[in-house]
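Structure first, commentary second.
The values are calculated or read from the model by the stated rules, or taken from the named source; none is laboratory data. What you see is a predicted model; the values in this text were computed from it and never measured. No Cβ is skipped: glycine too gets one built from the backbone with ideal geometry, and neighbour counts run over all protein chains shown. These accessible areas exclude ligands, DNA and RNA; they are computed on the full protein's heavy atoms, side chains included. Shrake-Rupley method; radii C 1.70, N 1.55, O 1.52, S 1.80 Å.
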Amino acid sequence: MSQSKAFDVDALWALDRLGAPSLSPDGAQAVVSLSQFSMEKNAGTSSLYLLSTLGGEPRRLTAAGDKDGAPQWSPASKYGEQIAFVARREQEGHKDEEAQLYLIAPDGGEARRLGGQGQEKGQGIATGVECFKWFPDGRRIAFVSWVWPELKGSAAQAKALADFKARKSTGYATSENIYRYWDQNIPQGRVPHLHVLDVQTGKVSDLFEGTEVSLSWSAVDANSFDISPDGRCIVFSFNPAKSKRLDDCFALGEVELKTGRIRTLLQDKDWTFEAPRYSHGGQHLAFLASHQGLKHTMPAQLAVLDTQGTYKNGWAVVSEALDLEVSAPLIWDADDLSILFAAEERGRRHLWRFALQAQQAHIVFEGGHAASFDLAAGVIVLNHDSVQYPPRISVLDEQGQAQAIEHFNSQRLEQQRFGRHEEVFVQGALNEPVQMWLIYPPDFSPKKKYPVMHVIHGGPHTAFGDSWHWRWNHQVFAAQGYVVACVNYHGSSSFGHAFLDSITGHWTELELQDIEAGSDWLLKKPWVDKQRLFATGGSYGGYMVAWMNGHIKPGRYQAYVCHAGCFDWQAMFAGDAYHWFAKELGAYYWDDAARVASQNPAAFAQHMRTPTLVIHGAKDYRVPDAQGLAYYNTLKAQDVDARLLWFPDENHWILKPQNSKLWYGEFFDWLKKHDPASQSGSAHGKKAKPAKEKGKAKPRTQA
């Protein structure tokens, strides 16, 4: 008899979570960060593990109990191989108030904190470390830290930080356009600078000190810069505007370490350039380029700058024919003739190799979902996942097949029953095919009837795919007995730019037609209970269910769940992306109030009658929690059945174990409350009556 059981929120949080892998120079080993969470302690820890690319048992490198992450293996050098990582630890009575750089040997031992020199050696970097990269010499590390640009020297930065933390006032004063992002306040008066750390001496140099140059204020990471093969220069992406906005175009700059001279390599008011990466020979620079002057929705494409004069104007977009959104990191093959990157295609995220001479790309690894990867000595290792399994670390064989090199979650997964998933295509808006993913309950039988739960994705320019979701987990939903439907409506990514851009200026029009087409297709199936249809969504998906409440006749959907949904576009100007919303809606609310109102759920509040669970976090700066509160209050004022779940300590997402458990509990209880089968005492999955299928859309798989 099988010992497996249905997947639930406790089983979800019991799984180990693996980070991006980093390969040793010879490709023989990979280091990864592994996070584990305790529902009882309502907290998580992470530690580093070494994995052989040939397989075998993993070896723990750092002890449990700390929070060690973002490991990077050093290049081969006379200093020996070492692994650097970011952590907040306590050593010798000193507790890290900011994230610090640590170093550990691959064969183990104690990790040591980097930064500081002389008597302060090993005391760390006062303003902390955001992200980092090794120099090719293996002795130096380039890192990003948020500093006061008017101050000089580490001592002055340390004093300024101590004074700031000791202040008694709590007010945030700013004149900047960008002052918060997603869930973080941009540090008052501080900007992200590139630094260089000498691993041996602890000496730190601020490469931007005394200049007006800084890296991205919103999304700086290790892809924001790269170090030349000879270690003499660092290329970086930066915003050249004096008054910075989230929608500004970025330029590429380069700093020469010996002289400190900074020059602009590439700048164009109509293009944004990001994620630069030197070739091994140093003669080429790969980067992402997006033609924002043409349309704000234009995708990031692969581009190459060539100092040898191959391209007119010195650079060119090379992936334009692909109609794909290319994502960082970009990694050159050893011969500098091709570049690896990840990109979505039709709801899946593949790993691609682009051959520069042939100007062609082919899939190296077919997703599922290729989340991250690394390349060394011809070995490709990647972190990938699917609806059927959480992230795992694999090595690609010569046939491009993923061979797992760890089994952290295997035993736990064997104890669970998962439902199968498939994609179907329905005829949606503009008479175009629209992809819909279906995740079936475990032990699904077409002879029984099931309720349907729409899960509407956010963005809107993202997509649901064959991927694992830690917060809105499809298998947890399906295990409750629902057929889960995920429609990649018009506006979704990975179906080409025309499809993505089709909703600009008239949000909800095409998306609603697509979702309704999905519902119509499902309601024709003999295994769907027509009286048990639900719609849920987060962020843009929450906006869509709020819109549906004002536009779909009550009774078609039994209940809605709106998580972090937009409700009123005028009030949404309190969000961090206020300039971007105007581009998507087609106008600022003061310029064309009627146009904005035509896309505004609040303008149709008088028609809202369907029961709704509203969920929001107080630290959500993308969709401020006043949106959820206003929606909930609007429903209550009209005596519509509504419930509010509000988290004072969560952001756009629910990240704490106990809060997640509460979230799922409220979510399922709300749907059951409004499920006719629950009210009548019937169980889900009751036997279906025979019925002929009309207008059947055949499931299609991607070639």
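Data table
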item: Cα coordinate range in the range 200-271, projected on the principal axes (Å, largest first); result: 41, 23, 20
item: Accessible area (Å², per residue) of the chain, counting only protein heavy atoms and a probe of 1.4 Å; result: 43
item: Sequence-distant residues sharing a close amide H with residue 643 (under 5 Å, placed H); result: 612, 613, 614
item: Proportion of all alpha-carbon pairs of the chain beyond 46 Å (%); result: 20
item: Accessible surface of the range 413-504, 1.4 Å probe, proportion on carbon and sulfur as whole %; result: 47
item: Pairs beyond 30 Å (Cα-Cα), from 5/673; 269/312; 152/258; 41/203; result: 41/203
item: Carbon/sulfur fraction of accessible area - the range 539-685, other protein chains in place, 1.4 Å, %; result: 53
item: Within the range 338-491: Cβ-based charge dipole about Cα centre, in debye rounded to nearest 20 (Lys, Arg +1; Asp, Glu -1); result: 560
item: The range 295-394 - percent of accessible surface contributed by carbon and sulfur, probe 1.4 Å; result: 47
item: 5 angstrom amide H check on residue 6, placed H, neighbours 5+ away; result: 417
item: Fraction of antiparallel bridges per DSSP, the chain only, in percent to nearest 5; result: 80
